[in-house]
1. Between beta-carbons, use under 14 Å as the cut-off and find the net charge around Arg362, counting Lys and Arg +1, Asp and Glu -1.
2. With every protein chain present, what accessible area does His64 have (1.4 Å probe, heavy atoms only), rounded to the nearest 10 Å²?
3. Work out from phi, with θ = phi - 60° and the Karplus expression 6.51 cos²θ - 1.76 cosθ + 1.60, the ³J(HN,Hα) of each residue of the range 202-215, listed in order in whole Hz, and give x for Gly and Pro.
4. Report the label-to-label distance for Leu318 and Lys263 in nanometres (one decimal), using points 7 Å from each Cα along the Cα→Cβ vector.
5. Quick one: check the C-alpha center-to-center distance for the range 384-424 versus the range 358-381, whole angstrom.
6. Sort out for me the Cα centre separation of the range 192-230 from the range 101-142, rounded to whole Å.
7. Within the range 109-150, find all residues whose amide N lies under 16 Å from a label point positioned 7 Å from the Cα of Arg100 along Cα-to-beta-carbon.
8. Ranked from the most accessible area to the least, with a 1.4 Å probe and all protein chains present, what is the order of Arg210, Arg167, Arg304?
Amino acid sequence: MTTDSLRSGPGANGRTSGDRARLPVREHLPACGPAAASGVPVLDVVVPVYNEEKDLRPCVLRLHDHLSRTFPYAFRITVADNASTDSTPAVAAALAAELRGVRYVRLEEKGRGRALRTVWSESDAPVLAYMDVDLSTDLNALLPLVAPLISGHSDLAIGSRLARSARVVRGSKREFISRAYNLILRSSLAAGFSDAQCGFKAVRSEVAERLLPMVEDSGWFFDTELLVLAERAGLRIHEVPVDWVDDPDSTVHIVRTATEDLKGVWRVGRALAVGALPLDRLARPFGDDPRDRALTGVERGLARQLVGFCVVGVLSTLLYLALYSLFRLGVGPQLANGGALLVSAVANTAANRRLTFGVRGRDGAVRHQAQGLVVFAIGLALTSGSLAALGAATGSPSHSTELAVLITANLAATVLRFLLLRAWVFPARACPEPEPEPDSDSDSEDVR
């Protein structure tokens, strides 16, 4: 499969039936089983390289030794050569022949993102990771990096040099560039992760399968784009504070890389702004999200109900004040208050019934209005009592003073009104148990 075909995905609009299918539930990967017995590793660590004939061998030897001693699952190390022109291919081939669990992949085009996309797309391991060849990151962070993915807790994991407990040794120039870049990401793309550039990341294979076709960059911005899309889609990103020592012999061109990163930020930001990215393919993709469960005895939607209640309350208060001012032209304050409250209470109950508590249809509408009138009576008692107290205290209060007292009384009754509506008028209904999804095999038999 070519990179272009991966990027194009299943369709221009991203709405095929395959895209809508949920990803499998995240489960703890077994330490042993059919996959392990057949030689399929749990972890595939990719080391992308370009002209690294000097550092490649000590890097792979050290990484292989560390995994052999400390990693409790089967693993593989994949050296991804980005069109090196020195003796890197010969060194990589020798390592693959010498060490069990090491393989070598050759690409004829440069680009770290291109190398990761190619290897990750073809890997059979359920957890995919990568690290830079200089091994600036302490390898003791590798198991904490991939553990949340193996356990099924998270979708992606990244090492962070900017976390509070990270221990980093590097020059002021690189420190400034790294922090400035992450500040740009937070301000322009609303990124919540702390370190997009650290060459120490991992992802579950089924997540990579969905994400990779959407990532356009094939260079250094690949990491950032992958993380931004994952975060916008609601996937869980785990961060691990790392110990990191700068490599003074690094061949990364800082200015050119920064320029390409800024171009990538602009491209992704524009795509997000116009809705050009089909993030609906990734939003809530797993079947184990507790927010998707229908549970009995668990109250849900409190935040949404509060917002709806406040909106309806503001509108009904405006209606009440307008009616009171209108009625006050012909009658006294008590009658004006009672008439305005009665009309606005009926409208308030009807609006809360549909908009705040999501009750549809005519069933129970009369009972709800009757209960709403009881709530109205409480509000009437509070506001009328306030007006009576104001009249006794001042004799002939001004119209503006009356309105101020009424607003205060209504605000005092708001909390009690919401609690009565939620607990008595529109109590939370028990959610029915979700019906089991029909088995595909049985459906096929029924059709036949």
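1. Summing Lys/Arg as +1 and Asp/Glu as -1 gives +3.
2. Counting only protein heavy atoms, the figure is 30 Å².
3. Karplus values, whole Hz, x for Gly and Pro: 8, 8, 6, 5, 5, 6, 4, 4, 7, 6, 4, x, 8, 8.
4. It works out to 4.9 nm between the two label points.
5. 20
6. Their Cα centres are 13 Å away from one another.
7. Within reach of a label on Arg100: no residues.
8. I get Arg167, Arg304, Arg210, largest accessible area first.
The values are calculated or read from the model by the stated rules, or taken from the named source; none is laboratory data. These figures come from a predicted structure and were not determined experimentally. Methodologically, a virtual Cβ is constructed for each residue, glycine included, from the backbone with ideal geometry; neighbour enumeration extends over all protein chains shown. When the accessible area is computed, the model is the full protein with side chains, heavy atoms only, and any ligands, DNA or RNA have been set aside. Shrake-Rupley method; radii C 1.70, N 1.55, O 1.52, S 1.80 Å.
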